[in-house]
1. What number of residues within the range 286-310 are surrounded by 16 or more Cβ atoms within 10 Å (Cβ to Cβ), in contact with a strand residue (DSSP E or B) (Cβ under 6 Å, 6 or more places away or on another chain) and not in a helix (DSSP H, G or I)?
2. Does at least one position in the range 250-263 carry a residue that is out of contact with any strand residue (DSSP E or B) (no Cβ under 7 Å at 6 or more places or on another chain), farther than 20 Å from residue 279 by Cβ and of a type outside the set (A, V, I, L, M, F, W, C)?
3. If you take the residues of the range 203-216 that are of a type in the set (A, V, I, L, M, F, W, C) and closer than 23 Å to residue 326 by Cα, which of them is most open to solvent (accessible area, probe 1.4 Å)?
4. Run residue 315 past the list (1) touching a residue at least 24 places away in the same chain (Cβ under 8 Å); (2) open to solvent by 70 Å² or more (accessible area, probe 1.4 Å); (3) under 23 Å from the mean Cα position of the chain (by Cα) and report the number of the one that doesn't hold.
5. Which of the numbered conditions does residue 236 fail, given that it passes all the others? Conditions: (1) more than 18 Å from residue 204 (Cα to Cα); (2) touching a strand residue (DSSP E or B) at 6+ places or on another chain (Cβ under 6 Å).
6. For the range 172-187, which positions are in a loop (DSSP other than H, G, I, E, B) and over 18 Å from residue 231 (Cβ atoms)?
7. Looking only at the range 275-303, how many residues end up being among the polar types (S, T, N, Q) and out of contact with any Asp or Glu (no Cβ under 9 Å at 6 or more places or on another chain)?
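The values are calculated or read from the model by the stated rules, or taken from the named source; none is laboratory data. Owing to the predicted nature of the structure, the values given are computational and were not obtained by experimental measurement. Heads up, the Cβs are rebuilt from the backbone with ideal geometry, glycines too, and the neighbour counts pull from every protein chain shown. Just so you know, the surface numbers come from the protein's heavy atoms only, side chains and all, with ligands and any DNA or RNA stripped out. Shrake-Rupley method; radii C 1.70, N 1.55, O 1.52, S 1.80 Å.
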Amino acid sequence: MSKQIRKLVVHCKDARSVWLELQERFSQTNTVNLFNIETAIHECVQEGNSVTSFFTNLKALWDEKDALCTSTPCTCAAATEAATALETQRTMKFLMGLNDDYAAVRSTIIGIDPLPTLNKAYAMERNNRVWNDKRGSALDTVIAAMSRVQEFRSVTLINSSRSALKIQKWKPPPAWTFKINVDGSFINHNSCGSTGFVVRDFLGGFIAGGGMSFAGILSTEHMELMACKHAILFAVTNHFVPAMIETDAQVVAQQLLQQSAFNLSALGRIYDEVRILLHNHPTIKVQYVRRTANIVAHVMASNSKQFSSETFYFSVPSFLQTAVAAEIVQV
């Protein structure tokens with residue numbers, strides 16, 4: 001103990017008095033530090049940083065706060081509830097600090113019950129490749145490339161057998177039934193996408209079509225699922241029933257056909273909404289077709305990237321005439 005500090009406690013009668021005196025005089029430093037850390041946590045947002053950098057900075061501040069706020073461990077029943085409440089508060093802070101580009105995934109995570117822990121919420125966003133990290137490392141680039149390859153395989157489920165080499169062509173639906181081809185287009189680097197759908201009758205005639213662009217999209221599967229949802233809503237609203245919805249995303253078609261399936265993915269809530277739509281309108285069916293039988297919807301989705309709001313056509317648009325004419329010839 002230095003001479004200056006010794007002068008402060010020379011009047012104390014015992015060790016406990018010395019400790020209390022020193023604690024009262026010098027514990028204020030922790031209070032000031034704690035105030036500064038709380039302020040930094042409150043002001044910590046993503047802004048121009050990557051999500052990884054934002055998460056790391058926020059986690060470091062919380063670790064520093066925990067080091068200052070030491071307390072006797074509690075073993076009562078309320079300890080678990082208190083720890084859960086603290087974890088929920090930190091997850092909320094992390095989600096609130098993200099840029100608006102991640103509004104979609106933020107809404108998805110908030111909708112999960114119970115709310116994921118901070119580390120799980122971070123992992124969910126990273127696994128869904130929702131980053132817009134312009135300062136990404138070489139490892140991040142490799143992970144992104146591997147994710148895109150895996151995503152392509154999971155959505156298209158390419159069959160390596162010889163039967164998969166056969167070119168599937170578009171076919172008109174049964175008499176007095178509408179066929180609605182749907183497709184989703186996803187741009188990974190900015191998490192944007194667009195949907196497209198084309199309605200035709202049993203004679204192959206163009207009835208209607210439409211599409212729109214989206215921001216904050218998680219994956220190709222997300223965009224394909226949204227394409228199915230919007231096509232079903234359009235068919236119901238305009239009484240284009242009975243109808244066959246055709247998508248070239250086999251994973252989406254399989255999930256929608258499994259009525260009793262419980263989807264725990266980030267897209268689970270949207271899958272549930274589409275299943276409810278199909279349940280309430282049993283004359284609308286969803287089935288999988290290969291891309292070669294879904295060309296018109298693909299062209300429509302690609303062209304819809306330029307539209308900020310939903311756009312509809314009730315006659316064949318010029319950019320779609322060649323694709324529609326080619327499939328009529330095939331029929």
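1. Within the range 286-310, the subset surrounded by 16 or more Cβ atoms within 10 Å (Cβ to Cβ) is 286, 288-290, 293-301, 303-305.
Then keep just the ones that are in contact with a strand residue (DSSP E or B) (Cβ under 6 Å, 6 or more places away or on another chain); that gives 286, 289, 294, 296-298, 300-301, 304-305.
Still in the running and not in a helix (DSSP H, G or I): 286, 289, 294.
Count: 3.
2. No - not one qualifying residue is present in the range 250-263.
3. The initial filter retains those residues of the range 203-216 that are of a type in the set (A, V, I, L, M, F, W, C), namely 203, 206-208, 212, 214-215.
Of the ones still in play, those that are also closer than 23 Å to residue 326 by Cα are 203, 206-208.
Numbers: 203: 136, 206: 35, 207: 45, 208: 0 Å².
Top of the filtered list is 203.
4. (3)
5. It fails just one condition, (2).
6. Looking only at the range 172-187, we keep the residues that are in a loop (DSSP other than H, G, I, E, B), and these are 172-177.
Once the filter is applied, which keeps residues that are in a loop (DSSP other than H, G, I, E, B) and over 18 Å from residue 231 (Cβ atoms), the range 172-187 yields 174, 175, 176.
7. The initial filter retains those residues of the range 275-303 that are among the polar types (S, T, N, Q), namely 280, 283, 287, 292, 294, 302-303.
Then drop every residue that is not out of contact with any Asp or Glu (no Cβ under 9 Å at 6 or more places or on another chain), which leaves 280, 283, 303.
Residues flagged as among the polar types (S, T, N, Q) and out of contact with any Asp or Glu (no Cβ under 9 Å at 6 or more places or on another chain) within the range 275-303 amount to 3.
Here's the yes/no breakdown for (1) more than 23 Å from the chain's Cα centre (by Cα); (2) of a type in the set (Ser, Thr, Tyr):
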residue	(1), (2)
245	yes, no
250	no, no
253	no, no
287	yes, no
304	no, yes
322	yes, yes
327	yes, no
